[in-house]
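What follows is a short report on a single structure.
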Amino acid sequence: MYTQGLDAAGADARADSAASDDEAALLQRFQRRVDAEEKIEPKDWMPERYRSTLIRQISQHAHSEIVGMLPEGNWITRAPTLQRKAILIAKVQDEGGHGAYLYSAAETLGVSRDQLIDQLLSGKAKYSSIFNYPTPTWADVGAIGWLVDGAAIMNQIPLCRCSYGPYARAMVRVCREESFHQRQGYDIMLRLSQGSAAQRRMAQEALNRWWWPALMMFGPPDADSTHSSDSQRWKIKRFSNDELRQKFVDFTVPQAQFLGLTVPDPELRWNEAAERHDIGAIDWREFEQVLKGNGPCNAERLAARRSAHEQGAWVREAASAYAEKRRARGASRAA
Ligand code: FAQ
């Protein structure tokens, strides 16, 4: 009995060690594929942490696109001309489309859209801090297109080369559309900055409101970024948070100068030796507060999403009933 027990324990240990050898070999092969710039596809073997990191990032990204429709959607009925209204409707619709591609990309990793939406509506899932700020004037719509879409492009162009195929492919179209969004935003700012003194003031005040939150979009400083080292090793992220933030600053400061607007950072300097702009300290306490749900519009944004979800229940029911009817008709025809 006792000897049999020992044999069984030995067999279990050998099986465990064979399994962990297999796992180590799979892991090595996975990393070799990533290093060789091969795309990882949904049915390929992947480490569980790679899968969960992607689900986290892609779903947060999807939620950001959907919640991100709200600050600008607020201005559709008040856009100053018919043309601006048509452009803004198209832009906000594009963001909804981006959310839809991204939820689909996340679903390829074995999570359902319902689960993801539940996580957003219950307040469990994060979405970008930037969408918790208000849009009190038309110039805020310009500032969002210029700065928020501008920051999104800076962050998302490298994601077109992400190691996970469905995410990388979704990003290609998203980036093309974001580039149109950035231009429409800059165009609004250009018109305002060439307008009356009141319009120039409106443009400057919007820049004052959005500059620092736009810099926070890139995430915490590298030293506090918990996911960066894994994500960079797995080639999900190609650049660190601080690297992308710096690129954005260097790209955007000359655009502000062209508009004749002042970046609201008294410590902003061109550093000749390093060939980059040095910036003042970012208020990371504000970022933490927004992430904790205490930003200026967190409660309003979640309430709007919850109410849209409840009011859209009949659409989901009708679509399911229609799909069921088609399925039943197909089944009876096949019989
Ligand atoms: N807001 O370790 P890291 C757009 C969280 S789309 C809220 O550095 P990671 C288009 C992070 O989740 C904008 N939370 O994280 C548009 C983590 O928390 P967790 C969205 C943030 O993932 C325009 C913790 O902090 N873009 O704008 C933020 O390696 C106009 C530690 O951070 C994307 O989602 C933040 N800003 O790097 C739509 C792009 N930053 O999960 C409408 C894809 C960090 O452990 C209108 N995502 N956190 O609880 C990414 O590239 C990355 O996820 C980063 C963060 C860079 C955002």
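None of the figures in this text is laboratory data; all of them are computed from the coordinates on show. Only a predicted model underlies this, so the values are computations on that prediction, with no experimental measurement involved. Note that each Cβ is placed from the backbone with ideal geometry, even for glycine, and that neighbours are counted across all protein chains shown.
Here are a few things to note about the model shown:
- Protection proxy ranking for 77-85, 292-300, using the average of other Cβ atoms within 10 Å per residue and placing the highest first: 292-300, 77-85.
- Computed E for GLU310/TRP270 - FRET, C-beta separation, R0 41 angstrom, nearest 0.05: 0.20
- Fully extending the segment from ASP224 to ARG113 would add 37.0 nm, taking 0.36 nm per residue of separation and subtracting the current Cα-Cα distance.
- Ranking SER193, ILE282, SER320 by Cα position along the charge dipole of the chain, where only Lys, Arg, Asp and Glu carry charges on their C-beta atoms, puts SER320 farthest toward the positive end.
- Amide hydrogen proximity for ARG276: with H placed 1.01 Å from N in the peptide plane, the residues at 5 or more positions away or on another chain lying under 5 Å are ASN271.
- Ignoring lysines fewer than eight residues from LYS124 along the same chain, the ones with Cα atoms less than 16 angstrom from its Cα are LYS292.
- Pair ARG78, ALA334: separation of 7 Å Cα→Cβ label points (nm): 5.4 nm
- Hydrodynamic estimate: the Kirkwood radius of the range 218-258 over Cα pairs, inserted into Stokes-Einstein at 4 °C and 1.567 mPa s, corresponds to D of 116 µm²/s.
- Each part reduced to its alpha carbon centroid, the range 258-303 and the range 129-155 end up 12 Å apart.
- Peptide packing for 270-277, 86-93 was compared via the average number of neighbouring C-beta atoms within 10 Å per residue; ordered from the highest value, the list is 86-93, 270-277.
- A simple spin-label model places pseudo-atoms 7 Å from Cα toward Cβ; at ILE89 and GLN289 they are separated by 3.8 nm.
- Each Lys and Arg adds +1 at its Cβ and each Asp and Glu adds -1 at its Cβ; summed about the Cα centre, the chain shows a dipole of about 1420 debye.
- Largest first, the three principal axis extents of the alpha carbons in the range 23-139 are 61, 31, 21 Å in whole numbers.
- Taking the empirical scaling 2.2 N^0.38 Å for compact globular proteins as reference, the chain has a Cα radius of gyration ratio of 1.20.
- Take the Cα of LEU121, go 7 Å toward its beta carbon, and the backbone nitrogen atoms of the range 57-71 under 16 Å from that spot belong to 63, 66-67.
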